[in-house]
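Participant: First, the structure itself, so that you have it in front of you.
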């Protein structure tokens, strides 16, 4: 059986309950896989989309670029995410969807998704919930960008990615893959590449994280979460999953 939908099932299973019929409906979705290179646009700002993009491997991001050439990355998406699910109702893109690193995506037509939603009120509610959680994460990130210093922003970013990657089974013990450039990290933090590099070095010196060969290792979770003022409640993870997460985090 094709494993393309597996990460989506894990993602949705972390925020709600799926029965066997719902899982079968998702697995039955027709899709077209596409490999994308680092920096390649998957969907361009201003274009009209007729499909949604499910991330299968790698990372993709939402971004906009000013006429000056300055870029802001608004969100980072990993396997199991559908970053343009909103295009079901807002097909004209007001931002670009770009591969942050080499990635593979599955393109699922709006018609196919709507057909599944017409058959399951549970999936309709769950995908709507996922979109609302995405908006909650955006609000949390805007707060950090507007009110926190660079070390706190970076710590918050690493904490969120650590939790999200664990939810879909991408972690390796206390580490997760992040094969992206420091330029991309700087554009997420709203700072210069030089400042982002200094901030990362500072987190290393404090022995909070290590970042080698595209992999972030969390060395001291509690201190990192405290620095980043990170509270995972905005991710609205199911209670049982949160309890498991907290018990593991408490060991570090």
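Participant: Is region 148-249 rounded, prolate or oblate when judged by the Cα gyration tensor, a ≥ b ≥ c being the square roots of its eigenvalues, rounded requiring a/c under 1.5 and prolate requiring a/b larger than b/c?
Facilitator: The shape class here is prolate.
Participant: Anyone know which of 112, 121, 136 comes out most mobile in the 10 Å Cα GNM of the chain?
Facilitator: Most flexible of the set in this elastic network: 121.
Participant: Can you tell me the relative contact order of the chain? Whole percent, Cα pairs under 8 Å, sequence separation 6 or more.
Facilitator: Numbers: 409 pairs, mean separation 51.8, N = 252.
Relative contact order here is 21 percent.
Participant: To continue, here is another question. By how many degrees, 0 to 90 and rounded to 10, does the Cα axis of helix 150-167 deviate from the longest principal axis of the chain?
Facilitator: Tilt of helix 150-167: around 40 degrees.
Participant: Please list, by residue number, everything in region 142-166 whose backbone N is under 19 Å from a paramagnetic label point 7 Å out along Cα→Cβ of residue 72.
Facilitator: Hits in region 142-166 for residue 72 at 19 Å: 142-154, 156-157.
Participant: If I build a Gaussian network model for the chain, linking alpha-carbon pairs within less than 10 angstrom, which residue out of 96, 165, 120 has the largest mean-square fluctuation?
Facilitator: Highest fluctuation of the listed residues: 120.
Participant: Based on the alpha-carbon gyration tensor of region 6-131 and its eigenvalue square roots a ≥ b ≥ c, which shape applies: rounded if a/c is under 1.5, prolate if not and a/b is larger than b/c, or oblate? Each step should come with its number before you reach the end.
Facilitator: On the way: a/c = 2.01, a/b = 1.75, b/c = 1.15.
Prolate, since a/c reaches 1.5 and a/b exceeds b/c.
Participant: How far, in degrees from 0 to 90, does helix 193-205 lean away from the longest principal axis of the Cα atoms of the chain, to the nearest 10?
Facilitator: Computed tilt is about 70 degrees.
Participant: What do you get for the angle between helix 110-119 and the principal long axis of the chain? Use alpha-carbon atoms, 0 to 90 degrees, nearest ten.
Facilitator: Between helix and principal axis, roughly 70 degrees.
Participant: Let me ask something else. Can you put 60, 116, 216 in order, fewest other beta carbons within 10 Å first?
Facilitator: On the way: 60 26, 116 17, 216 21.
So the residues, fewest neighbours to most, are 116, 216, 60.
Participant: To make sure I understand, if each residue's beta carbon is the centre and we count other beta carbons within 10 Å, what order do 59, 162 fall in, fewest to most? Kindly include the intermediate steps, with their values, before the conclusion.
Facilitator: Working: 59 23, 162 26.
The order, fewest Cβ neighbours first, is 59, 162.
Participant: What is the distance, in nm, between label points placed 7 Å from the Cα along the Cα-to-Cβ direction at residue 64 and at residue 47?
Facilitator: Inter-label distance under the simple model: 1.9 nm.
Computed from the coordinates by the stated procedures, all read-outs in this text should not be read as laboratory data. From a predicted model like this one, the values you see are computed outputs, not experimental measurements. Don't worry about glycine lacking a Cβ; one is built from the backbone with ideal geometry, like all the others, and counts go over all protein chains shown.
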